[in-house]
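See structure below.
The values are calculated or read from the model by the stated rules, or taken from the named source; none is laboratory data. No experiment lies behind these values; they were computed from the predicted model shown. Backbone-built Cβ (ideal geometry, glycine too); neighbour counts: all protein chains shown.
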Amino acid sequence: MAQPDPRSSKDRNTRNFGNDNNFNWRGLLLFACAIALLGGFLFSRNGNYGNVEELPYTTFERYLQENRISHDEPLQLIVTEGRSTQVLRGAYDRSRKPAGVNGADHFKTTIFIEYNKDLKSELENKGYQVDIRADSDVMVSAILQFAPIAIFFLILYLFFRQQIRNAGKGALSFGKSKARMLARDRNRVTFKDVAGVEEAKEEVQEIVDFLKDPKKFQKLGGRIPKGVLMVGPPGTGKTLLARAIAGEADVPFFSISGSDFVEMFVGVGASRVRDMFEQGKKSAPCIIFIDEIDAVGRHRGHGLGGGHDEREQTLNALLVEMDGFDTQEGVIIIAATNRPDVLDPALLRPGRFDRQITVNLPDVKGREEILRVHSKRVKLAEGVDLAVVARGTPGYSGAELANVINEAALLAARRGLKAITMAELEEARDKVRWGKERRSLAISEKEKENTAYHEAGHALLCEVLEYTDPLHKVTIIPRGPSLGSTMYLPTEDKYTNRKNELLDRLVVIMGGRVAEEIVFGDVTNGASGDIRMATGIARKMVCEWGMSERLGMVEYGEHEDYVFLGRDISRSRAYSEATAQEIDREVKRLCDDSYQRAMKIITQRKDTLIAIAKALLEYETLDGNQIREIINNGRLLNPPPPISQNRRGLRSEENDRPEPEGLGGLTEAPV
């Protein structure tokens, strides 16, 4: 998204070899030549022979007469121009090796040319092969044979010289930052590509203005925030917003993950932090974006590792760099996390992360804007109302909404359609949240019947209770991990829940197990998800939301004094054992009361329950209007097509079916 500043090209070209402007190649070549010459000199003295014994010429003549000189290897007569002596080299006969040669296999002796002019002929007459070589040839041969060793030392020299230049940057080359710079002309993102987070865009607009015209702020003595921390659930667009900031300001954008700092080598994380900030200063003004900063910025604590823990060392380096570099250089740190509760307080203080921006899940208007942004790349059929889709997707993040559009496009392509209809959008919405329908799953008729009554129990209670969300759809088609699903459609986005709403929700959750017990006189393990969900809601009502008359408005949570390693291994309980038992009794009471309420209502409306279950067995999927028809009239007035027509897979008749009023699916009571 951004490219390096051309002004810093000189630094980049020279920093590989330290801070010198010109690399000393002359000294390096002299070093290599010295090694090669030294090796050649040593080699030329010994030739190809490892252990060499120097013999007096008289001893050589005696060994020659005693046939102790080997005929297998040729003798080398080395002649040096301008000298009165020559050197003869050879090998001993191993079978008649003389004693007292100290383990040497070869020998050499110096001969005066004046007294041994016919030495070569004499040796050849005795059956020896004699090679005459000039001393300069031996030297060249030795240097060539020693060249690989010289090259090895040359590489070793370069390697250690580079490490010395990079002293303090970690073990070997592991200390280099893994921050990636995005090219400016590649996939440029601006604020037009970011929707549903208008408040967050307003917060970061000042940063963009500063990067475009920093002197405007500096003249008035103001300073831009050194760091911006974006907090929010996964998929809400924190990373996209950071890229949009860089795109609007048209500055280099470095991106790195919090997990990239820590490796198996000690000190690597801290060195990567320092290297990252060095790169940022050279490319200033720029943005450094650290994604998932909680991986490296967790709360420091005692216990395992203590102050010498590698992650803490990396965090310490990050704290120093953020508080040490000059804001006027135009280096801005933007970080993103969905776990702000585990971050170290020193990291969050003013002067490091001056500003925290919350990026929440989009509301209905934001969801519509996000859908419009992502639908620009696809073709929508006439009659598609994205406002209806937005109302039917509360709780969806921006990433999930983008996936809905993409899945709808893929589904329309598989069906051979020329444009995406509301039917594809609804099915894509359900697939993103609950998984793909598993029509091929083989289920016995008994299990299918049990699933139908289970879902009918949820649906019946959802319609007859006062404080529940409207029912959207009920299906006994397996989807994801569940054998059936009951989906609800809130009329609006909710940010709070009343006690009556939570109590009615508990009753609806209990409806599946109650229906099984009333109809079959037995229960299955299919309600495990319901039990887990009900227990979680009841425990939060008692411990966090103060909705228990017996325990009152007291929070019975975990103690805030974290024990180990940054708030994520163990916590101490802030209440007594007697209080814990009281909490358990209160949670059980809420669940038992809800179960009894569900039992009473379903027993009174057993005929309606049976009618809903039979309709599900016949049609597999019913929407909210059809369920209400059964409750009010005892039967379906406008039944959907029979199952036999629905077994054709991706059928053309499916597009002729009336579209529902809304795209709901918001909560689910799985089997």
Considering region 565-602, residues that are at pLDDT 95 or above and among the hydroxyl-bearing types (Ser, Thr, Tyr), and then whichever is farthest from Arg513 (Cα to Cα), we arrive at Ser594
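Residue-wise test of (1) among the charged types (D, E, K, R); (2) in contact with a helix residue (DSSP H, G or I) (Cβ under 6 Å, 6 or more places away or on another chain).
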{"residue": "Val587", "(1), (2)": "no, yes"}
{"residue": "Ser594", "(1), (2)": "no, yes"}
{"residue": "Lys600", "(1), (2)": "yes, no"}
{"residue": "Asp607", "(1), (2)": "yes, no"}
{"residue": "Ile610", "(1), (2)": "no, no"}
{"residue": "Ala613", "(1), (2)": "no, yes"}
{"residue": "Leu616", "(1), (2)": "no, yes"}
{"residue": "Tyr619", "(1), (2)": "no, no"}
message = Looking at region 501-513, can you tell me whether even one residue there is more than 24 Å from Thr608 (Cα to Cα) and part of a helix (DSSP H, G or I)?
response = yes
>> Kindly evaluate His458 against the criterion of being in contact with a strand residue (DSSP E or B) (Cβ under 7 Å, 6 or more places away or on another chain), closer than 30 Å to Glu516 by Cα and modelled with pLDDT of 90 or more.
In response: yes
For Thr491, the lone unmet condition from (1) modelled with pLDDT under 90; (2) in a helix (DSSP H, G or I) is (2)
Within region 389-406, residues farther than 21 Å from Asp193 by Cβ and either crowded, with 19+ Cβ neighbours inside 10 Å or among the hydroxyl-bearing types (Ser, Thr, Tyr) (or both) come out as Arg391, Gly392, Pro394
Val296 fails exactly one of (1) within 20 Å of the chain's Cα centre (by Cα); (2) farther than 23 Å from Gly398 by Cα; (3) modelled with pLDDT under 80; (4) not polar (S, T, N, Q), namely (3)
Picked from region 315-330 (must be modelled with pLDDT of 80 or more and under 23 Å from Lys238 (Cβ atoms)), the residue surrounded by the most Cβ atoms within 10 Å (Cβ to Cβ) is Leu318
Quiz prompt | Verdict on Ile631 being part of a helix (DSSP H, G or I), buried (at least 20 other Cβ atoms within 10 Å of the Cβ), β-branched (Val, Ile, Thr) and modelled with pLDDT of 85 or more | solution = no
In region 44-82, anything closer than 14 Å to Ile111 by Cα, assigned to a strand (DSSP E or B) and at pLDDT 75 or above is listed as Glu54, Leu55, Leu75
query = Based on what the data block shows, is Asn450 in a helix (DSSP H, G or I), more than 20 Å from Glu369 (Cα to Cα) and either at pLDDT below 85 or of a type in the set (S, T, N, Q) (or both)?
reply = yes
Of (1) within 60 Å of the chain's Cα centre (by Cα); (2) at pLDDT 60 or above, Phe41 satisfies every one except (2)
If we keep only residues of region 526-542 that are more than 33 Å from the chain's Cα centre (by Cα), closer than 21 Å to Trp434 by Cα and buried (at least 18 other Cβ atoms within 10 Å of the Cβ), then the residue modelled with the lowest pLDDT is Gly526
Cβ pairs under 7 Å, 6+ apart or interchain, first in region 436-452 and loosely packed, with under 12 Cβ neighbours inside 10 Å, second at pLDDT 85 or above and in a loop (DSSP other than H, G, I, E, B), ordered by first then second residue, are Leu441/Pro478
Note on region 226-254: residues under 19 Å from Ser283 (Cβ atoms) and of a type outside the set (Gly, Ala, Ser) are Lys226, Val228, Arg243, Ile245, Glu248, Asp250, Val251, Pro252, Phe253, Phe254
Report task. With respect to Ile518, determine if the residue is modelled with pLDDT of 85 or more, under 22 Å from Arg597 (Cα atoms), surrounded by fewer than 23 Cβ atoms within 10 Å (Cβ to Cβ) and among the aliphatic types (A, V, I, L, M). Result -> yes
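Could you check region 453-492 and list, in sequence order, the residues that are of a type in the set (Phe, Trp, Tyr), over 15 Å from Leu609 (Cα atoms) and over 40 Å from the mean Cα position of the chain (by Cα)?
Tyr467
Say whether the condition of being crowded, with 17+ Cβ neighbours inside 10 Å and either in contact with a strand residue (DSSP E or B) (Cβ under 7 Å, 6 or more places away or on another chain) or within 30 Å of Gly280 (Cα to Cα) (or both) is met by at least one residue in region 360-379.
Filtering region 360-379 for residues crowded, with 17+ Cβ neighbours inside 10 Å gives 361-362, 366-371, 373-375.
Filter again for either in contact with a strand residue (DSSP E or B) (Cβ under 7 Å, 6 or more places away or on another chain) or within 30 Å of Gly280 (Cα to Cα) (or both), leaving none.
There is no residue in region 360-379 that is crowded, with 17+ Cβ neighbours inside 10 Å and either in contact with a strand residue (DSSP E or B) (Cβ under 7 Å, 6 or more places away or on another chain) or within 30 Å of Gly280 (Cα to Cα) (or both).
Would you check which residues across region 208-233 are over 27 Å from the mean Cα position of the chain (by Cα) and closer than 30 Å to Asp341 by Cβ and list them?
Of everything in region 208-233, those that are over 27 Å from the mean Cα position of the chain (by Cα) and closer than 30 Å to Asp341 by Cβ turn out to be Val208, Phe210, Arg223, Ile224, Pro225.
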